[in-house]
Every structure is written in structure tokens, then in C-alpha cells.
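Since every read-out is calculated from the coordinates, none of them should be taken as a lab result. None of the values given here were measured: they were computed from a predicted structure. Reconstructed Cβ throughout: ideal geometry from the backbone, glycine too, with neighbour counts over all protein chains shown.
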Amino acid sequence: MARRKIEVNPKLQKAYEFFCEHSGYVKGRREEGALDLARAEAIAEALDWKVEWEQDEEEYQSGGEWDQPKEVLSAILYDADGEVIGSLGGIGDPDRSYGRVVEAELALEALYEEGLL
């Protein structure tokens, strides 16, 4: 019996591949976590949710094992009405890839909290 071909949204596929490479995961569940983050990112975009990054005024908590970052930021997730629906602070020197993972994780958590997933 021949397998049925499934059409995949190319943007979602690309996001999934990105999250497979860049996000953390539980052993044996990398693909599942990456797909959750890719979907959350897409849904947040469709809902017009936005993340704003700003300087974090709190002292960085490194545990003394690493050098202090040059920049410490907070990521704040806003819904389409401008209401804060999630945030994370104490993010030291995030690169673009890590920032995207943080944004998708905030969206995923908010989607669950809002009962949308």
C-alpha cells in the first residue's frame, strides 16, 4: 500500500527545523517540542501578539559560574490589545536564535494559559 503524501506548510516546516536545531528538549521528545514551538510561533503571529525586548533592571543572577553578560534583557509578550500576557527577565546577551526560542516559549505558555491549546 502506498503512503499518502501530506502537504506541509513550508513556513511551519522551516520553523520546526529551526526549533529542532536551536531549542532545548527532553530526551526522546526533541521533535515534539520543536513542533509545539513552531505552532505557537505561527499562532501568536496570526493573533498579532508581539514581543518587546527591554533592559532588565534586576541584578543578573549567574550563580558566579559565568562571566557577567554585557546586556541583560526582559522579553514581554503582548496580545493584540496591548495587554501583557507573558514575560521573562534576566536574559543575558541573547543572540537572535535564542531570542526567537524565548519568544516562542512565551507564546506557547500564554496559549496554554489562555486556553487556546
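Take every Cα-Cα pair in the chain and report what % of them are more than 17 Å apart.
Result: 61 percent of Cα pairs exceed 17 Å.
Roughly how many nanometres apart are two label points built 7 Å out from the Cα toward the Cβ at ASP95 and GLU57?
3.2
What percent do you get for the relative contact order of region 10-113 when only Cα pairs under 8 Å and 6+ apart count?
Taking the mean separation of contacting Cα pairs over the length of region 10-113, I get 27 percent.
Pop the C-beta distance of GLU21 and ALA46 into the FRET formula with R0 = 30 Å and round what comes out to the nearest 0.05.
Efficiency for this residue pair is about 0.80.
For region 61-117, I need the span (max minus min coordinate) of the C-alpha atoms along each principal axis, in Å, sorted largest to smallest.
For region 61-117, the Cα extents along the three principal axes come out at 39, 20, 20 Å.
Based on DSSP H runs of at least 4 residues, each adding -39500 (n - 2.57), what is the mean residue ellipticity at 222 nm of the chain after dividing by all its residues, to the nearest 500 deg cm²/dmol?
Here the helix-only value at 222 nm equals -13500 deg cm²/dmol.
Quick one: how many lysine pairs does the chain have with C-alpha atoms less than 24 Å apart and a gap of 8 or more or different chains? Give me the count, please.
The result is 4.
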